[in-house]
Amino acid sequence: MKYFKPLLCIVLMLFAFSPAQATEEKKEGVDLQGILFGHIQDSHEWHIMDWGDTPVVIHLPVIVKSSTGWHVFCSSQFEHHADANGLKQGPYGLAIATEGDNEGKIVENGEPVLDISITKTVVVLFIDSILLLLCVLIPARWCRKHKIDDPAPKGFTGFMHMFIMYVYNDIIASILGKEAPKYAPYLLTCFFFIFVANVMGVMPFPPGGGNLTGNIACTLFLALCTFIITNVTGTKEYWKEIFWPDVPTWLKAPVPLMPFIELFGIFTKPLALMIRLFANMMAGHAIAISLTCLIFVMYGIHAAAGTAMIPVSVAMSIFMMLLEVLVCFIQAMVFTMLSAVFISLAHVHEHEAVVKE
């Protein structure tokens, strides 16, 4: 019953749309693509909501280098609406393109400039990193002040101890065996960073709401880290099996068919890590937003249809959000598990000689 009143308030707020608003929405149309990609894509400002006709926005620092040198200013200096050329004009002859190949980028005379601004994705990265540090340092502080034979901690510290030991014992140690302590710091960092970023992305309000792992640049970096660790720490036998595997000679020379396939497999592994995490998290956000937008689409058809869609859309959205929480954990676990598998495959040793009786 304690969840009934909040859900009832949400439904009543959604029912507050009047037929006049529905008619106006029908005339103007609903930009579903703009709403969807506006949430998923990176931006120089953090749009929270619209209060009437006034957008509630967190403006972020802009750091760019144009033809006149470096400039640092606030994104609030850009116009909120684009002009006839699809540009949001700003200071120093700069503008944000809202259409074309440079959509979302800061341009000067139609050409993109060097941009190292603190965008929405960067802010979300900072927030998630701080939360990750707190999740690690608080239990670590308890461990420094207590002995091994002391009673187990309770509360948040006890939960983190249980969570860390579960990931270490059931995922990392079960795959890497004796080499688990060597790679556990990296793999545990991957797991909890992805999990925190996923959960924060599910939250519909700041400091959550940022789709960090739905940004392919973030998943590319994580996959690249696994790629480097896997191949830099690989054994001689690992590289031997790539360039001169134990297959018939005609598969290796004069046409290096198997070495080419094995070498190609080195790059497909991190690619799979990158695409899997990015696609699953982006799809989850897209589905949740699409279910909410169904209300406005149906209102554009008829006020009665929009009103009837409200409880259906709310119920489906709540279900998807709960399912997305489970997906947050599964995707973090899958990325960590596959990274551990790839590292384990790179640490093969010479096969023991078979002694014939």
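The values are calculated or read from the model by the stated rules, or taken from the named source; none is laboratory data. Quantities reported herein were computed from a predicted structural model and do not represent experimental measurements. Neighbour counts are summed over all protein chains in view; Cβ atoms, including those assigned to glycine, are modelled from backbone coordinates with ideal geometry. Just so you know, the surface numbers come from the protein's heavy atoms only, side chains and all, with ligands and any DNA or RNA stripped out. Shrake-Rupley method; radii C 1.70, N 1.55, O 1.52, S 1.80 Å.
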Taking the Cα centre of the range 41-103 as origin and charging only Cβ (+1 Lys, Arg; -1 Asp, Glu), how large is the dipole, in debye to the nearest 20? 340 debye
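Return a whole-number percent for the relative contact order of the range 257-357, with Cα pairs under 8 Å and 6 or more residues apart as the contact set. Intermediate values should be presented prior to the final figure.
Numbers: 35 pairs, mean separation 26.6, N = 101.
Averaging sequence separation for qualifying contacts and normalising by length gives 26 percent for the range 257-357.
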If each Cα of the chain is one equal point scatterer, what is log10 of I(q)/I(0) from the Debye formula at q = 0.07, 0.13, 0.15 Å⁻¹? -0.45, -1.17, -1.31
Let's see if you can work this out: charge +1 on each Lys and Arg Cβ, -1 on each Asp and Glu Cβ, no other charges. What is the dipole magnitude of the range 168-325 about its Cα centre, in debye to the nearest 20? 180 debye
With point charges of +1 on the Cβ of Lys and Arg and -1 on the Cβ of Asp and Glu, referenced to the Cα centre of the chain, which listed residue (M162, V57, V72) lies farthest in the positive direction of the dipole? M162
Per residue, what accessible area does the range 83-181 have, given a 1.4 Å probe and all protein chains present, in Å²? 63 Å²
Report the accessible area of S76, computed with a 1.4 Å probe over the heavy atoms of all protein chains in place, in Å² rounded to the nearest 10. 60 Å²
Which one of K178, K105, K120 has the biggest mean-square fluctuation once the chain is modelled by GNM with Cα springs under 10 Å? K178
Among M281, L326, A223 the positive-end extreme of the charge dipole of the chain (Cβ point charges): L326
With all protein chains present and a 1.4 Å probe, the order of D128, D50, D246 from largest accessible area down is D246, D50, D128
Send over a whole-number figure in Å² for the accessible area per residue of the range 191-232, probe 1.4 Å. 36 Å²
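Quick check on the range 213-357: what are the equivalent-ellipsoid semi-axes from the Cα gyration tensor, as sqrt(5λ), descending, whole Å?
On the way: eigenvalues 484, 50, 34 Å².
Over the Cα atoms of the range 213-357, the ellipsoid semi-axes are 49, 16, 13 Å.
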Can you give the accessible area of T54 in Å² (nearest 10), computed on protein heavy atoms with a 1.4 Å probe? 90 Å²
Report the percentage of all Cα-Cα pairs in the range 118-252 whose separation exceeds 18 Å, rounded to a whole percent. 67 percent
For the range 69-96 and the range 191-247, compute the distance between their C-alpha centroids and round to whole Å. 35 Å
The range 174-296 - percent relative contact order, Cα under 8 Å, separation 6 or more: 29 percent
Which whole DSSP H helices in the chain pass both tests: a Cα extent of 27 Å or more along the axis and a mean Kyte-Doolittle value no lower than -0.5? 120-145, 180-202, 257-301, 303-345
One computes Rg over Rh for the range 294-342 from alpha-carbon atoms, with the Kirkwood Rh, and obtains 1.38
So what's the Cα pair-distance distribution over the range 177-235, bin width 10 Å, in %? 20, 42, 25, 11, 1
Could you give the size of the charge dipole of the chain about its Cα centre, using +1 on the Cβ of each K and R and -1 on the Cβ of each D and E, expressed in debye and rounded to the nearest 20? 1180 debye
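Ignoring ligands, DNA and RNA, what percent of the 1.4 Å accessible area of the chain is carbon and sulfur? Each step should come with its number before you reach the end.
Numbers: 14790 of 21370 Å².
Whole-percent figure for carbon plus sulfur exposure: 69.
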Could you list which residues have their amide H under 5 Å from that of I63, counting only those 5 or more apart in sequence or on another chain, with H placed in the peptide plane? I116, S117, I118
What distance in nm separates the two pseudo spin-label positions at I48 and S129, each 7 Å out from Cα along the beta-carbon direction? 2.4 nm
Please give the calculated 222 nm ellipticity per residue for the chain, where each DSSP H segment of at least 4 residues contributes -39500 (n - 2.57) and the sum is spread over every residue; nearest 500 deg cm²/dmol? -20000 deg cm²/dmol
Please work out how much length the chain gains when fully extended from F319 to I116, using 0.36 nm per residue of separation minus the C-alpha to C-alpha distance, in nm with one decimal. 69.3 nm
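For the chain, calculate the relative contact order in percent as a whole number, restricting contacts to Cα pairs under 8 Å that are 6 or more residues apart. Walk me through the intermediate numbers first.
Values: 411 pairs, mean separation 71.9, N = 357.
Dividing the mean separation by the residue count of the chain yields 20 percent.
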Placing +1 on the Cβ of each Lys and Arg and -1 on the Cβ of each Asp and Glu in the chain, which of I171, N109, I261 has its Cα farthest towards the positive end of the resulting dipole? I171
Rg/Rh of the range 127-201 (Cα atoms, Kirkwood Rh), to two decimals, equals 0.98
